[in-house]
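Note sheet for the following structure.
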Amino acid sequence: MDTRYLIIGGGMAADAAVKAIRRADPEGSIVLVSEERHPPYKRPPLSKGLWKGDDEAKIDLKTAAAATRLLLGKRATRLDLADRRVALDDGTSIAFERLLLATGARARPLPGLPDSPRVVAYRTLDDYRHVRELARPGAKAVVIGGGFIGSEIAAALRLAGIEVAMVFPEAAIGSGRFPDGLARAVTQDYQGRGVRVLAGRTVASAEERDDSSVVLTLDDGSELVADLVVVGVGTVPNDELARDAGLATDRGVLVDATLRAQRLGGGEAVPVYAAGDVASFAWPGLERRMRIEHEDNAYSMGAAAGRAMALSLAQERGLAGAAGPRHHDHLPFFYSDLFDAGYEAVGLLDTRLDLVEDWRVPGREGVVYYLEDGRVRGVLLWNTWGQVDAARELVLGGQAHAPEDLLGRLPTDDHHDP
Ligand SMILES: Cc1cc2nc3c(=O)[nH]c(=O)nc-3n(C[C@H](O)[C@H](O)[C@H](O)COP(=O)(O)OP(=O)(O)OC[C@H]3O[C@@H](n4cnc5c(N)ncnc54)[C@H](O)[C@@H]3O)c2cc1C
């Protein structure tokens, strides 16, 4: 099979790329290959809206409407740069003119856990359906991890009436990301809602018992018996296709300012792009290269990569008026819901930076700034709405700020309807 544009991956970055290509090139053939058997869908509702009764059909991104051929349930196994061809696990291969790697990330497995259907490293729609099936009334769940996914899925399960225990090595939920006082307040809120929080604990060993439960032994010798165990301990980028093809990777596919991948050691330009969770990009304002694993990034980077692929091809073909791809410069925002608290944020939330906290109601409503040499690298808007653009400008501005400059700077929009 031949196609003008080949997209590997079936997530939100892939969907955004397809739609941007179609806008820029109404004619060119597009093929999307995804290992998942579902067409691209929105991933954030898997730990939020779907547990609150939202309709599963609403998460479908309707990618096929952009006149794309979707090859679902198929895995790309090898990229051959010289032949411009990708091999699939069904023995076929596809030749391309432009390729996008939108392979995202997979849930990091936690060694020592039994290979059991009751243990789920949470990432996909199939994982959601499976956990939902196990989360019957009266079920006991253990959530391992106190970061983004762990804290969201623990809240979702608790709201569904399940008995939930959380286990993680840090001192509190969100430690390392939220200032200590806020992390403590969030943890107390979870406890007040009936979540058993086992902070500062790790799982020493675990085994499945009689096909009906999993017994976890913690590092202090205590035991937890669970009907289901949900693991949310970070991700691993799916960058093997790029690495094995001789492209530059470093915990993600290294892309340039136009989201184009590069050969290891440099050399001539390749017709390969990467976007979303798998792409490692040098962010303006943050002064570092990193992967950003959030929805707004998947959409904005996917769209920018799609546009860049179409423009670079038009330029190569000498089409009249074809402009070169622009440099990608959208610093994404991200968000999370923790029971009835919520936040939006941009940049780096890392408590190793210098923190300036500006609370209107301590632990409930305010703004946290994360600074490096006085420059704002990250902003956490806690129950504070309508300030994402202003926060982004502060980060991109790159000026040094004294803490008192920042206090009172980003008031909440009182008209927000959460
Ligand atoms: C439960 C959950 C909740 C989240 N909530 C939020 C939130 O509240 N806010 C927020 O900002 N972000 C959230 N995120 C993060 C956000 O969903 C991700 O950043 C986003 O999904 C990344 O999109 P992507 O397209 O880059 O990668 P992915 O969504 O990981 O998609 C990659 C796709 O590629 C496929 N694939 C991988 N390798 C191959 C291969 N070799 N061949 C074929 N197909 C392949 C995968 O199966 C998958 O379908 C959440 C993530 C999860 C899992």
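Readers should treat all values here as calculations from the given coordinates under stated rules, not as data from a laboratory. Predicted model only: the values in this text are computed from it and were never measured. In this analysis, Cβ positions are derived from the backbone assuming ideal geometry, glycine residues included, and neighbour counts consider all displayed protein chains.
By how many degrees, 0 to 90 and rounded to 10, does the Cα axis of helix 180-192 deviate from the longest principal axis of the chain?
The helix 180-192 is inclined about 70 degrees to the chain.
Averaging sequence separations of C-alpha pairs under 8 Å and six or more residues apart, then dividing by the length of region 59-142, give the relative contact order as a whole percent.
Working: 48 pairs, mean separation 10.4, N = 84.
Relative contact order for region 59-142 comes out at 12 percent.
For the ranges 196-209, 175-188, what's the packing order if you count other beta-carbon atoms within 10 Å of each residue, average per peptide, and put the highest first? Working shown, then result.
On the way: 196-209: 16.6, 175-188: 19.7.
Going by the mean number of other Cβ atoms within 10 Å, highest first, we get 175-188, 196-209.
Counting other Cβ atoms within 10 Å, keep those with at most 16, restrict to DSSP loop, and tell me which GluC sites (Glu not before Pro) in region 349-418 are left.
Details: sites: GLU357, GLU365, GLU372, GLU393, GLU404; in loops: none.
Passing both the DSSP loop test and the Cβ count: no residue.
Excluding residues fewer than 8 places away in the same chain, name every one of the lysines whose C-alpha is closer than 28 Å to that of LYS58.
Answer for LYS58, where 28 Å is the Cα cut-off: LYS19, LYS42, LYS48, LYS74, listed by chain and number.
Can you put PHE333, PHE96 in order of Cβ neighbours within 10 angstrom, beginning with the fewest?
PHE333, PHE96
How much net charge surrounds ALA66 when only the other residues with a Cβ under 14 Å from the Cβ of ALA66 are counted, with Lys and Arg +1 and Asp and Glu -1?
Numbers: positive: ARG4, LYS19, ARG22, ARG23, LYS62, ARG69, ARG307; negative: ASP15, ASP25, GLU27, ASP60.
Charge balance in the 14 Å sphere: +3.
For the chain, what number results from the quotient of the Cα radius of gyration and 2.2 N^0.38 Å? Mind dumping the intermediate values first?
On the way: Rg = 22.4 Å, N = 418, 2.2 N^0.38 = 21.8 Å.
Computed over Cα atoms of the chain, the ratio equals 1.03.
Residue-wise, which Karplus ³J(HN,Hα) couplings in Hz belong to region 266-278, taking 6.51 cos²θ - 1.76 cosθ + 1.60, θ = phi - 60°, and x for glycine or proline?
Computed from phi, the couplings for region 266-278 are x, x, 5, 5, 9, x, 10, 10, 9, 8, x, 4, 7 Hz.
I need the trypsin sites (Lys or Arg not before Pro) found in region 275-351, filtered to DSSP loop residues with at most 13 other beta carbons within 10 Å of theirs.
Numbers: sites: ARG288, ARG289, ARG291, ARG307, ARG317, ARG326; in loops: ARG291, ARG317, ARG326.
Those that pass, being in a loop and sparsely packed, are ARG317, ARG326.
Given only helices, namely DSSP H runs of n ≥ 4 each adding -39500 (n - 2.57), what is the per-residue ellipticity at 222 nm of the chain, to the nearest 500 deg cm²/dmol? Please report the intermediate quantities before stating the final value.
On the way: 8 runs with 89 residues, N = 418.
Calculated mean residue ellipticity at 222 nm is -6500 deg cm²/dmol.
For region 340-406, what is the convex hull volume of the alpha-carbon atoms per residue, in Å³?
Residue-normalised Cα hull volume stands at 81 Å³.
Please order TRP382, TRP359, TRP283 by the number of other Cβ within 10 Å, starting at the fewest. Mind showing how you got there, number by number?
Working: TRP382 26, TRP359 16, TRP283 22.
Placing the least packed residue first, the sequence is TRP359, TRP283, TRP382.
For region 296-397, what relative contact order do you get, as a whole percent, if you take Cα pairs closer than 8 Å and at least 6 residues apart? Please report the intermediate quantities before stating the final value.
On the way: 156 pairs, mean separation 21.2, N = 102.
For region 296-397, the relative contact order is 21 percent.
Would you be so kind as to identify which of ALA279, GLN399, VAL197 lies farthest towards the positive end of the dipole of the chain, taking Lys and Arg as +1 and Asp and Glu as -1 on Cβ and the Cα centre as origin?
The residue sitting most towards the positive pole is ALA279.
Under 4 °C and 1.567 mPa s, how fast does region 109-231 diffuse according to Stokes-Einstein, given a Kirkwood radius computed over C-alpha pairs? Answer in µm²/s, whole number. Don't skip to the end; give the middle numbers.
On the way: Rh = 14.4 Å.
Answer, rounded: 90 µm²/s.
Using modelled amide H (1.01 Å from N, peptide plane; none on Pro or chain starts), what sits under 5 Å from the amide H of ALA274, excluding residues fewer than 5 places away?
LEU101, ALA261
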